[in-house]
Amino acid sequence: MKSDLNMYATLLSQSLFQGMSQSDLEQVVGHTHFDFSNVPALSPIAVEGSRSESLLFITHGTLTATATSDDHSYTLSETLPTPWLIEPERLFGLTPRYARTYTAQSDCRLFGIGKDEVVSLSSRFDIFSINLLNIYTTHAQRVSRQCWRTPPHDIKGKLARFVSDHSLRLTGDKTLYVKMSTLAHLLGESRLNLSRVLHELTAEGLLAMSRGEVRIPHLEKLLSGSL
């Protein structure tokens with residue numbers, strides 16, 4: 001009984017199962033195959049380019065998500081909290097492959113639900129189907145809105161916009177691995193002006209720099225007043 005209660009709480013912590021009744025949860029727990037696993041720190045959870053065959057729910061721990069540009073000129077890594085659902089929009093559609101690599105930053109616990117089980121749950125429970133649809137539409141709306149926003153006019157705003165557009169969440173720790181000349185080109189600024197602003201932001205405690213690396217410990221602070 002205690003284990004069932006723990007499982008109900010685990011499911012309700014995930015947005016896909018929120019709003020389900022006790023009866024619904026009992027049916028889900030009793031008739032759904034869950035793949036439980038523990039992933040030790042610094043081990044991969046999902047790899048960019050590999051096929052997405054199931055929904056992966058990270059329930060405990062901390063993970064990082066890393067993505068690299070098509071020309072391999074820059075990489076963005078960000079820290080994610082739990083609970084976290086990994087790329088549900090990649091389970092179906094034209095490209096059912098992960099867009100990022102996810103690595104356990106600390107020991108992580110997770111469970112997976114295979115694609116066939118997701119289809120079954122969607123057909124059996126309206127609330128699950130609606131929650132899944134909400135996730136997909138929210139993602140689509142966010143992406144479609146990006147190109148219509150007013151471009152920032154200063155370097156700080158351009159940097160904040162660039163990082164936020166490439167991030168999964170608009171808060172938390174981000175690290176951009178990029179050469180200064182490449183970043184200046186991406187932002188449409190001179191290398192000298194970019195360097196000056198980056199040093200100013202470093203002095204303000206909004207970022208930290210080292211060779212080929214710009215770390216933003218709190219993206220929300222950089223975004224504040226920038227966009």
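The values are calculated or read from the model by the stated rules, or taken from the named source; none is laboratory data. Since we're looking at a predicted model, the values are computed, not measured. We place every Cβ from the backbone using ideal geometry, glycine too, and count neighbours over all the protein chains shown. Just so you know, the surface numbers come from the protein's heavy atoms only, side chains and all, with ligands and any DNA or RNA stripped out. Shrake-Rupley method; radii C 1.70, N 1.55, O 1.52, S 1.80 Å.
Observations
- Answer residue from segment 62-84, given it is without any contact (Cβ under 8 Å) to a residue 60 or more places away in the chain and closer than 15 Å to residue 172 by Cβ and is least open to solvent (accessible area, probe 1.4 Å) among those: 63
- Selection status of residue 161, open to solvent by 30 Å² or more (accessible area, probe 1.4 Å), without any contact (Cβ under 8 Å) to a residue 24 or more places away in the chain and under 22 Å from residue 75 (Cβ atoms): no
- Evaluated against (1) at pLDDT 95 or above; (2) part of a loop (DSSP other than H, G, I, E, B); (3) surrounded by 13 or more Cβ atoms within 10 Å (Cβ to Cβ), residue 19 falls short on exactly one condition, (1).
- Taken as a whole, the structure places residue 144 among residues that are open to solvent by 50 Å² or more (accessible area, probe 1.4 Å), of a type outside the set (Asp, Glu) and either without any contact (Cβ under 8 Å) to a residue 12 or more places away in the chain or in a helix (DSSP H, G or I) (or both).
- Residue match in segment 42-57 (condition: assigned to a loop (DSSP other than H, G, I, E, B), closer than 22 Å to residue 15 by Cα and under 12 Å from the mean Cα position of the chain (by Cα)): no
- Among the numbered conditions (1) farther than 28 Å from residue 64 by Cβ; (2) of a type in the set (A, V, I, L, M); (3) surrounded by 14 or more Cβ atoms within 10 Å (Cβ to Cβ), the only one that residue 119 does not meet is (3).
- Test set (1) part of a helix (DSSP H, G or I); (2) surrounded by 13 or more Cβ atoms within 10 Å (Cβ to Cβ) - residue 189 fails condition number: (1)
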